[in-house]
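Scroll down for the structure; my scribbles are underneath it.
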Amino acid sequence: MTPPPTHDSNLSLGERRADALARTSEHVLRAWREFDHAREIETVPSAELRALLEEPLPEEAHDVIAMIDHAAAVLDASLAQSRPRYFGFIGSSGLEVGAIADLLAHSYDTNLAVDARAATDLEDQSRRWLADFLGFPATGGSFTSGGTISNLTALAAAREAALPDSRRRGLGDARPTLYCSREAHYSIVRAAELLGIGREQVRAVAIDDERRLVPEDLDRQLAADRAAGRTPVAVVATAGTTLTGAVDPLDAIADVGERHGVWLHVDGAYGLPAATVPGVAERFRGLERADSVTVDCHKWMYVPKACSAVLVRDGDRLARTFAHDEAYMPHDGEHRNAVDTTVEYSRPLRALKLWMAFATHGARAMRGAVARNCDQAQLLYDLAAAHPELEVLPHRPSLSIVPFRWVGGCADPDAHNDALCAALQRDGRVFVSPATIDGRVYLRPCVTNFRTSDDDIRALVDVVLALGGNCAALHG
Ligand SMILES: Cc1ncc(COP(=O)(O)O)c(C=O)c1O
């Protein structure tokens with residue numbers, strides 16, 4: 001084989017390529033094997049590693065193998081959502097074929113802005129597969145960097161539908177409004193800010209005792225705003241709230257939305273994959289009536305960050321919102337470029353990891369993994385409910401978030417649960433983040449990892465019980 005040309009500014013790894021790849025794959029293999037089981041303690045950065053991370057900009061070259069070893073050491077001493085006892089926030093799992101897909105995609109560095117030939121077809125196919133998997137009749141959509149951008153993209157399309165040509169003329173004296181439950185993700189408020197709707201025009205719709213949006217209150221607020229001459233842009237239903245996993249009643253919300261002629265967006269960034277699970281799918285009845293949906297494949301479809309999708313029932317809506325005719329972005333006849341349907345220009349081939357996940361494991365296994373996480377949430381609820389020192393919410397988990405708190409006799413339960421959460425994170429055997437629900441502090445584990453076993457769920461409760469009783473140590 002001809003060696004790569006050498007010159008002073010050559011940035012190729014040249015003859016070190018094979019060694020570098022081999023060393024990288026050793027580290028990856030070790031990590032994957034380790035992720036199969038929980039760690040008993042969290043690795044903290046060594047003094048040597050800390051010193052490395054204080055070093056100034058290197059002017060000269062370093063050995064690539066040494067740097068791969070350092071990079072692996074940094075990651076090993078970092079919080080990894082891939083570990084089976086990571087229950088914080090809403091985790092991802094670094095699916096193995098997803099990581100391989102990223103390496104391939106980043107090596108070719110394909111740009112999905114304009115037509116990239118086969119990669120563009122693969123992205124389209126992935127979108128169709130995803131829509132089929134979820135049972136949503138999409139005719140268009142886009143892969144984005146996250147739920148925040150997917151929600152923004154959908155709501156931009158909703159704004160253009162409610163106020164045609166506003167992308168060109170601005171909002172003028174229109175008075176747009178947006179509707180979501182008070183437990184919708186803050187990216188909805190952020191979208192309202194960015195789209196000129198204004199955060200004060202986001203109507204916080206009441207929730208019921210299972211923390212789901214109340215359609216009657218939505219109806220009332222829409223009617224009042226219409227009567228006051230305002231223009232409702234969209235209703236956002238959340239299919240899996242970030243706080244507790246509540247699924248808003250999509251069918252009833254679609255009825256209200258239809259009556260008022262308003263765009264329905266379903267934010268299923270976290271929860272939508274559960275729409276494929278028998279016994280849970282009923283909660284998502286009415287999904288097919290939405291105008292747009294968001295789903296984060298980097299959450300409960302296990303692929304590495306970042307891979308979200310916005311799917312729309314009428315694909316033209318995105319083009320009407322985002323298409324531009326620029327001289328440097330040639331169109332192939334009527335064929336639209338990907339950039340004409342999304343906010344971003346340069347875009348990596350994010351869809352490859354989802355495509356690899358579906359193709360390698362099959363939809364049935366993906367569905368099965370989500371179902372198992374749902375079952376584990378029920379197990380966790382039962383285990384926590386069985387202990388008098390622990391308190392759960394009055395209703396069972398809808399999806400895979402199971403808030404519970406220590407109530408075993410400390411003076412200030414909220415301060416105690418805050419301190420307990422910090423102690424759990426220091427301890428390192430499990431990782432849980434806190435949340436405040438109705439003014440009370442809870443531990444809020446979320447199960448979205450295919451590696452998590454029932455034993456990991458039991459270990460979570462055991463560790464909480466082991467640390468929770470020691471008020472003096474926690475507050476000392
Ligand atoms: C319901 C919901 N929507 C949107 C988002 C934002 O997603 P991302 O972090 O991918 O931007 C989240 C994140 O947790 C979420 O739970």
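Since every read-out is calculated from the coordinates, none of them should be taken as a lab result. Predicted model, so just to flag it, every value in this text is computed and none were measured. Cβ atoms come from the backbone with ideal geometry, glycine included; neighbour counts cover every protein chain shown.
Things worth noting here:
- Between amide H atoms placed 1.01 Å from N, distances below 5 Å from G140 occur with V312, G315, all of them 5 or more places distant or on a separate chain.
- Against the empirical 2.2 N^0.38 Å (N residues), segment 14-79 has a Cα radius of gyration ratio of 1.27.
- Computed from the Cβ-Cβ distance with R0 of 35 Å, the FRET efficiency linking A323 to L11 stands at 0.45.
- log₁₀ of I(q)/I(0) at q = 0.06 Å⁻¹ - the chain, Debye sum with one point per alpha carbon: -0.31
- At most 10 other Cβ within 10 Å, DSSP loop - trypsin sites (Lys or Arg not before Pro), segment 108-140: R117
- Once the chain from R175 to S25 is taken as fully extended at 0.36 nm per residue, the excess over their C-alpha distance is 48.4 nm.
- Contour excess over end-to-end distance, with Cα ends at E34 and E389 and 0.36 nm allotted per residue: 124.5 nm
- Neighbour-count order for K305, K299, fewest beta carbons within 10 angstrom listed first: K305, K299
- Residues E282, E391, ranked from the fewest to the most other C-beta atoms within 10 Å, line up as E282, E391.
- Alpha carbon centroid spacing (whole Å) that separates segment 355-434 from segment 91-125: 32 Å
- Oblate is the label for segment 109-358, because the ratio a/c of its alpha-carbon gyration tensor axes (a ≥ b ≥ c) is 1.5 or higher and a/b is not greater than b/c.
- Segment 289-303 residues near the modelled A281 label - backbone nitrogen below 16 Å, point 7 Å along Cα→Cβ: 289
- Normalised contact order of the chain, rounded percent, pairs of Cα under 8 Å and 6 or more residues apart: 21 percent
- The chain, dipole about Cα centre (Lys/Arg Cβ +1, Asp/Glu Cβ -1), debye to the nearest 20: 900 debye
- Bridge type composition, the chain - antiparallel percent by DSSP, nearest 5: 55 percent
- Residues whose placed amide H lies under 5 Å from that of D115, excluding near-sequence neighbours: A338
- Only helices reaching 30 angstrom along their own axis (Cα) with mean Kyte-Doolittle hydropathy no lower than 0.0 count here, and for the DSSP H runs of the chain these are 351-385.
- Using only alpha carbons, segment 379-476 has a radius of gyration to Kirkwood radius ratio (Rg to Rh) of 0.93.
- Calculated from backbone phi, Karplus (6.51, -1.76, 1.60) coupling profile of segment 299-313 in Hz, x at Gly/Pro: 10, 9, 10, 6, 6, x, 5, 10, 8, 10, 9, 10, 10, 10, 5
- Exposure proxy ranking, count of Cβ atoms within 10 Å, fewest first, for I253, I41: I41, I253
- A DSSP coil position with no more than 13 other Cβ atoms inside 10 Å describes none of the trypsin sites (Lys or Arg not before Pro) in segment 381-441.
- Once the Cβ-Cβ distance of Y108 and T43 is raised to the sixth power relative to R0 = 45 Å, the FRET efficiency obtained is 0.85.
- Annotation: amide H of K305 within the under-5 Å range of G94, sequence separation 5 or more or interchain, hydrogens built in the peptide plane.
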